[in-house]
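Asker: Just dropping this structure here.
The values are calculated or read from the model by the stated rules, or taken from the named source; none is laboratory data. Quantities reported herein were computed from a predicted structural model and do not represent experimental measurements. All Cβ positions, glycine included, derive from the backbone under ideal geometry; neighbour counts span all protein chains shown. These accessible areas exclude ligands, DNA and RNA; they are computed on the full protein's heavy atoms, side chains included. Shrake-Rupley method; radii C 1.70, N 1.55, O 1.52, S 1.80 Å.
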Amino acid sequence: MTDTFSTKIVRYLPPAPVMLTFALVYVVAFVIANPLFNDPDAAWHIIAGDTIRATGGLPATNLWSWIMPNQKWYLISWLWDLMVSLIHSLGGPKAVFVSTQLLIALTMALIAWHMRERGGISSAVIVILTVLAGFCFQRFIMSRPQLAGYLFVAICHLRLHRSRDENNYHHLLWLPIIMVLWVNTHGSFLAAFALFASYIAEAAWRRQWGWLTRLCVIGALCALAIPIANPYGFDLYNAVMTSLHTVMNKHVEEWMPFTFGNNFGISLWLVLFILLSNFREPTAPLADRVLCALCLLPMLKSTRHASVFILVSIPYMAINLQCFVGYAKRWCGGLAKYAHWTETPALRLRIAGATAAVIVITVALPGLLRNDSYLISPWFDSRPAIAWARDNLAGKRLLNDYNFGGMMIYRSGGTFPVFVDGRAGTAYPEDFLADYEVFEQFYRDWAKVLDKYQVNAMLLMNSRPFVSLYANGARYDKWELVYSDQVASIFVRKDMPTAPAPAK
């Protein structure tokens, strides 16, 4: 009876390398992930979803800002925000944190499945590369909508690969549906066109005209779905381009050009890619080679794009690694035994049980594993300063730090008006962001910015130039320090009559 029941369970389990990848990547992500609210944007995404659920529609204007309340807001991540809001309502920040790691693990497991379907790649190579990619991915383990974009990249890559077989063209029919979901989740949907371009190039090179025709038709349908299937129509392109090129990006680490050594994980992956690259390897499909080249160039321009490069380069690197391993017959024999061992039903059951146990432990007993450190780091915790400002500066025209805006929105449910926050170009005009940059970077006309917007209070990170110079004795007699802790400082202007912020 037990054996029969076990056999039935095994029949529905994913392959052992896929399950093992999921379990290991989840553990790695859970251990090394940054706390949830160390990313200031994670907070406002939750409240955006709450707003959608409460009103039954998308907000049309920048409803959380006292300085730009009538500015049009392009909430291009509304589907993600709705999902994360539901998760937050069910389990609070802990549930959001855990679901973030699960989504990364699911993405890597899907890529492992992709490589196993290709054949000729050993289980050892699959597990080693995907888990290593999960480690190198640590820079991108944040509760943001691009996580869903990474999953869509993996799904599209798998579907396009399956369409290589002349009898599997039906896999392409899933892509317009995926694009409809993707376009309402994150601006990374533009990566789909790099995927299509790579496979179209391969189809043309191999002279598979039927495949090429179908790829072009499905690609055109996906392109048409973008303006039709999202609430902003063609304006979505402008919103995405604005977010890619806003003036604030040059001061945000993830948007800066890639510099070797600045991020260990990304640098390690690039070294491995260079060592394993063999663009003349005949067993590596042309689409994989073209895709790696297309995604490598944006990564060098901006660290943020390294995530997509890592994802799409895993199958290509696995093929090359398998070829290198094949040169050593002794290793090849050992790996063949390992591959057979990982497919035994008993081991698959054990891996599935261990994976379920790990997830249950991390969900049910976070205090034993991470305590409350999953929430926010002490050196980034702006909550005390925000609470003080909300209690004591009601009605003030408060200029808040760019990195504090999201937490202000989250802690107040959107009722504590902000000056600026991480929505940047999708919710604020570029000339306003340029003004804020002048103050934040302490350029020559920084004081004129405060006068222009009649700012009479400031909530700033202690690392900002104004705070540092004030602490070192600079004479800013117009301003009085009224609050300070290890993270933030609050200043009130003494010479300006109280000018209340616009009512919410």
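Asker: List the residues, sorted by chain then number, that are 5 or more residues from VAL418 or on another chain and whose placed amide H is less than 5 Å from its amide H.
Answerer: Those lying under 5 Å, H to H, from VAL418 are SER65, TRP66.
Asker: Give the Kirkwood hydrodynamic radius (Å, one decimal) of the range 418-474, defined as one over the mean of 1/r across all pairs of different Cα atoms. Walk me through the numbers before you get to the answer.
Answerer: Details: mean 1/r = 0.0816 Å⁻¹.
Roughly 12.3 Å, rounded to one decimal.
Asker: While we're here: Can you tell me the length gained on complete extension of the stretch THR61 to SER302, counting 0.36 nm per residue apart and subtracting the Cα distance? Display every interim value, and only then the final one.
Answerer: On the way: separation 241, 0.36 × 241 = 86.76 nm, distance 2.94 nm.
Separation in residues times 0.36 nm, less the Cα-Cα distance, equals 83.8 nm.
Asker: Determine the principal axes of the Cα atoms in the range 9-162, then give the extent along each, sorted from largest to smallest and rounded to whole angstroms.
Answerer: Reported extents, whole Å, longest axis first: 58, 33, 30.
Asker: Give me the angle, in degrees from 0 to 90, between the Cα long axis of helix 235-245 and the longest principal axis of the Cα atoms of the chain, rounded to the nearest 10.
Answerer: Computed tilt is about 80 degrees.
Asker: May I pose another question? How many nm separate the modelled label positions at ILE228 and PHE260, each set 7 Å beyond the Cα in the direction of the Cβ?
Answerer: About 4.7 nm, to one decimal.
Asker: I've got another one for you. By how many degrees, 0 to 90 and rounded to 10, does the Cα axis of helix 329-341 deviate from the longest principal axis of the chain?
Answerer: Orientation of helix 329-341: about 80 degrees from the principal axis.
Asker: In whole percent, how big is the carbon plus sulfur part of the accessible area of the chain, probe 1.4 Å, protein atoms only?
Answerer: Working: 14080 of 22200 Å².
For the chain, the apolar C and S fraction of the accessible surface comes to 63 percent.
Asker: Same structure again: Just tell me which aspartates and glutamates come within less than 18 Å, Cα to Cα, of LYS250; anything on the same chain fewer than 8 places away is out.
Answerer: ASP39, ASP41, ASP401, ASP421, GLU430, ASP431, ASP435, GLU437, GLU440
Asker: Go through LYS396/LYS494; LYS396/LYS452; LYS448/LYS478; LYS396/LYS478; LYS72/LYS448 and tell me which ones have a Cα-Cα distance over 19 Å in this structure. Show your work: numbers first, answer last.
Answerer: Numbers: LYS396/LYS494 12 Å; LYS396/LYS452 15 Å; LYS448/LYS478 13 Å; LYS396/LYS478 16 Å; LYS72/LYS448 26 Å.
Cα-Cα > 19 Å for LYS72/LYS448; rest within.
Asker: Tell me which trypsin sites (Lys or Arg not before Pro) from the range 365-450 have a DSSP coil assignment and no more than 14 other beta carbons within 10 Å of their own.
Answerer: Details: sites: ARG370, ARG390, LYS396, ARG397, ARG411, ARG423, ARG444, LYS448; in loops: ARG370, LYS396, ARG397, ARG423, ARG444.
Loop-located and lightly packed - ARG444.
Asker: Here is a follow-up. What aspartates and glutamates does LYS301 reach when the alpha-carbon gap must be under 18 Å and sequence neighbours fewer than 8 apart in one chain are set aside?
Answerer: GLU253, GLU254
Asker: I'd like the distance between the alpha-carbon centres of the range 235-281 and the range 131-199, rounded to an integer number of Å.
Answerer: 17
Asker: Mind listing which trypsin sites (Lys or Arg not before Pro) in the range 158-244 are in a DSSP loop and have 15 or fewer other Cβ atoms within 10 Å? Provide the component values of the computation, followed by the final result.
Answerer: On the way: sites: ARG159, ARG162, ARG164, ARG206, ARG207, ARG214; in loops: ARG164, ARG206, ARG207.
Passing sites in the range 158-244 are ARG206, ARG207.
Asker: Determine the calculated [θ] at 222 nm for the chain from helices alone, applying -39500 (n - 2.57) to every DSSP H run no shorter than 4 residues and normalising by the residue count; nearest 500 deg cm²/dmol.
Answerer: -19500 deg cm²/dmol
Asker: Report the calculated FRET efficiency for ARG53 and SER412 (r = Cβ-Cβ distance, R0 = 30 Å), to the nearest 0.05. Don't jump to the answer; show the numbers that get you there.
Answerer: On the way: r = 17 Å, r/R0 = 0.58.
The pair ARG53/SER412 has a calculated efficiency of 0.95.
Asker: I need to check one value: relative contact order of the chain, counting alpha carbon pairs closer than 8 Å and at least 6 residues apart, in percent. Intermediate values should be presented prior to the final figure.
Answerer: Numbers: 721 pairs, mean separation 106.2, N = 504.
In percent, rounded to a whole number, it is 21.
Asker: Which angle between 0 and 90 degrees, to the nearest 10, do you get for helix 40-55 versus the longest principal axis of the chain when only C-alpha atoms count?
Answerer: Between helix and principal axis, roughly 90 degrees.
Asker: Now for a different question. Keeping all protein chains in place, calculate the accessible area per residue for the range 176-245 (probe 1.4 angstrom), answer in Å².
Answerer: Details: 3190 Å² over 70 residues.
Here the residues of the range 176-245 average 46 Å² of exposed surface.
Asker: In whole percent, what relative contact order does the range 106-252 give with Cα contacts below 8 Å and a gap of six or more residues?
Answerer: Values: 110 pairs, mean separation 28.7, N = 147.
Normalised by residue count, the contact order of the range 106-252 is 19 percent.
Asker: Would you calculate the volume per residue, in Å³, of the smallest convex hull containing every Cα atom of the range 136-222?
Answerer: Numbers: hull volume 7.9 nm³, N = 87.
Spread over its residues, the Cα hull of the range 136-222 gives 91 Å³ apiece.
Asker: Okay, next question. How high is the FRET efficiency from ALA356 to ASP495, r the C-beta distance, R0 60 Å, rounded to 0.05?
Answerer: 0.40
Asker: Hey, another quick one. Return a whole-number percent for the relative contact order of the range 42-140, with Cα pairs under 8 Å and 6 or more residues apart as the contact set.
Answerer: On the way: 70 pairs, mean separation 20.8, N = 99.
Normalised by residue count, the contact order of the range 42-140 is 21 percent.
Asker: Between GLN441 and SER267, 0.36 nm times their residue separation minus their Cα-Cα distance comes to what? Present the calculation step by step, with values, prior to reporting the outcome.
Answerer: Values: separation 174, 0.36 × 174 = 62.64 nm, distance 2.86 nm.
Here the segment from GLN441 to SER267 would lengthen by 59.8 nm.
Asker: Which length gain, in nm to one decimal place, applies between LEU90 and LYS448 when the Cα-Cα distance is subtracted from 0.36 nm times their residue separation? Don't skip to the answer; put the middle values down first.
Answerer: Working: separation 358, 0.36 × 358 = 128.88 nm, distance 4.60 nm.
Extending this stretch completely gives an extra 124.3 nm.
Asker: Let me ask another. Hey, with R₀ at 25 Å, roughly what FRET efficiency would ALA204 and HIS245 work out to, going by the Cβ-Cβ distance, to 0.05? Walk me through the intermediate numbers first.
Answerer: Numbers: r = 32 Å, r/R0 = 1.28.
E between ALA204 and HIS245, to the nearest 0.05, is 0.20.
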